[in-house]
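J.: Supplied in C-alpha cells, the structure appears directly below.
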Amino acid sequence: MVLTTYTQLDIAPTIARILDIRIPDHDGKEIWEVMRYTEGKNIEQILLVIIDGIGVTLYTKLGDTIQDLKKLSRDGLFFECKSLPPRITTPNIGTILTGYTPEHHLLYKVADVFYTPIRSVLEIASENGIKSGIIIETMGAKSMLNRVDVAIGVENTRGIVDYDRRITDLALKAFKLENVTLMAIHLRAVDNCLHHYAESWEDVMYSATTINGNIKRLIDNLSKSTLLLITSDHPVHVPKWAYVDNDSINVPLIVYYKYGHKNSTENLDQTVSTKA
Ligand SMILES: [Zn+2]
C-alpha cells in the first residue's frame with residue numbers, strides 16, 4: 001500500500017518516538033504506521049540511510065536495477081514522502097535529521113551546522129544516553145564532532161562508488177565495534193553520477209546498481225536486529241536529468257525490520273524497547 005500523507009519532517013519525530021526521546025517543538029508528526037509496524041519488535045539498533053537524489057518516479061523507473069531495495073519496500077513499508085524546498089542536499093538532510101523546516105533549522109550550508117543551537121535526533125539521542133553516529137563526507141562529519149558519539153568522515157578520493165562502499169563498510173563496523181544504536185549514513189552515487197558524468201540512462205542505472213549493492217550488503221551483514229529507514233534528500237535536481245523524476249517532489253521512505261542473526265541478549269543497555 002502506498003501512503004502519501006507524510007513529509008520529510010516526519011522522519012526524525014518517528015525515530016524519536018521509537019527511541020522514547022523527544023524533539024522539542026518539531027514541525028513534523030510521527031508516522032503511526034511505523035509505530036504499528038515496530039510494535040512488539042526487539043529493535044536493537046536503527047539505521048537511517050539517506051540516498052542522495054532519488055525521487056519516487058526515478059525509484060519506480062529503476063525497476064529491478066534496485067531489486068533488493070524494492071524487496072525491502074514490499075516486505076516492509078513504503079511511503080511517498082513530500083520533499084521540502086529548497087531540495088538541495090544540506091538543507092534537506094537537515095530537515096530529515098531535525099524534524100524542523102529549513103526556515104526553522106536554517107542549515108543551508110555545512111558550515112551552518114558547526115554553531116547551530118538546533119539539535120538533530122542524533123544529538124538528542126546521544127544526550128539521552130543512546131549512542132548515536134553519522135557517517136558522511138569529511139566536512140559534514142567534522143561539523144557533527146562532539147554532537148554525536150561517533151562521527152566518521154569519508155573523503156571522495158577514489159570515486160563515488162568507492163566512497164559509498166566505504167561508507168557502508170564503516171556503518172557495519174560502527175554498529176559492530178562501537179555499539180552504536182542510532183546511525184545515519186549518506187550514499188551519493190546516483191546524485192554524483194547525474195551531476196558529473198552520466199551520459200546515458202545506462203550510467204544512471206549503473207550508479208543505482210551500486211546503491212542497491214550497498215543496501216544488500218547492509219542487510220546481509222547487520223548482525224543485530226535492526227530497523228532500517230531508507231529515504232532520499234530530494235528528487236533529481238540536475239536540470240538535464242530532471243525529467244526522469246517527472247517534476248515529482250516526492251521521495252521514497254522504506255521502513256524495514258531486519259531480524260538479527262542471533263537473538264542477542266548482550267548490550268541490553270543499548271537495546272531499544274518499542275513502546276506499544
Ligand atoms: Zn542531494
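Every number here is computed from the coordinates shown, using simple stated rules; none is lab data. In this text the structure is predicted, and so the values were computed from the model without any measurement. Here the Cβ positions follow ideal geometry from the backbone for every residue, glycine too, while neighbour counts run over all protein chains shown.
J.: Can you tell which of Y163, Y206 is of a type in the set (S, T, Y), more than 22 Å from K41 (Cβ to Cβ) and in contact with a strand residue (DSSP E or B) (Cβ under 7 Å, 6 or more places away or on another chain)? Give the derivation first.
T.: On the way: Y206 fails: in contact with a strand residue (DSSP E or B) (Cβ under 7 Å, 6 or more places away or on another chain).
The unique qualifying residue is Y163.
J.: Select from the range 218-238 the residues that are more than 13 Å from V49 (Cα to Cα) and either within 16 Å of the ligand (Cβ to nearest atom) or surrounded by fewer than 20 Cβ atoms within 10 Å (Cβ to Cβ) (or both) and list them in ascending order.
T.: Restricting attention to the range 218-238, the residues satisfying the condition of being more than 13 Å from V49 (Cα to Cα) are 220-225, 234-238.
Matches in the range 218-238: D220, N221, S223, H234, P235, V236, H237, V238.
J.: Based on this model, can you work out whether G28 counts as farther than 12 Å from L253 by Cα, surrounded by 19 or more Cβ atoms within 10 Å (Cβ to Cβ) and small (G, A, S)? Can you show your working first?
T.: On the way: farther than 12 Å from L253 by Cα: yes; surrounded by 19 or more Cβ atoms within 10 Å (Cβ to Cβ): yes; small (G, A, S): yes.
In short, yes.
J.: Tell me, please, whether a residue that is out of contact with any Asp or Glu (no Cβ under 6 Å at 6 or more places or on another chain), surrounded by 23 or more Cβ atoms within 10 Å (Cβ to Cβ) and under 28 Å from E178 (Cβ atoms) can be found in the range 73-84.
T.: no
J.: Sticking with this structure for a sec: Looking at this structure, is I18 aliphatic (A, V, I, L, M), assigned to a helix (DSSP H, G or I), more than 16 Å from the ligand (Cβ to nearest atom) and surrounded by 17 or more Cβ atoms within 10 Å (Cβ to Cβ)? Reasoning before the result, please.
T.: Working: aliphatic (A, V, I, L, M): yes; assigned to a helix (DSSP H, G or I): yes; more than 16 Å from the ligand (Cβ to nearest atom): yes; surrounded by 17 or more Cβ atoms within 10 Å (Cβ to Cβ): yes.
So I18 fits the description; yes.
J.: Can you name every one of the strands (runs of 3 or more DSSP E) wholly within the range 68-186 that holds 2 or more residues which are touching a residue at least 60 places away in the same chain (Cβ under 8 Å) and among the charged types (D, E, K, R)? Outline the logic, then answer.
T.: Details: elements: 77-82, 132-137, 150-154.
Per the criteria, 77-82.
J.: Return a yes/no flag: does the range 85-95 have any residue that is in contact with a helix residue (DSSP H, G or I) (Cβ under 7 Å, 6 or more places away or on another chain), aliphatic (A, V, I, L, M) and under 16 Å from V49 (Cα atoms).
T.: Looking through the range 85-95, none of the residues is in contact with a helix residue (DSSP H, G or I) (Cβ under 7 Å, 6 or more places away or on another chain), aliphatic (A, V, I, L, M) and under 16 Å from V49 (Cα atoms).
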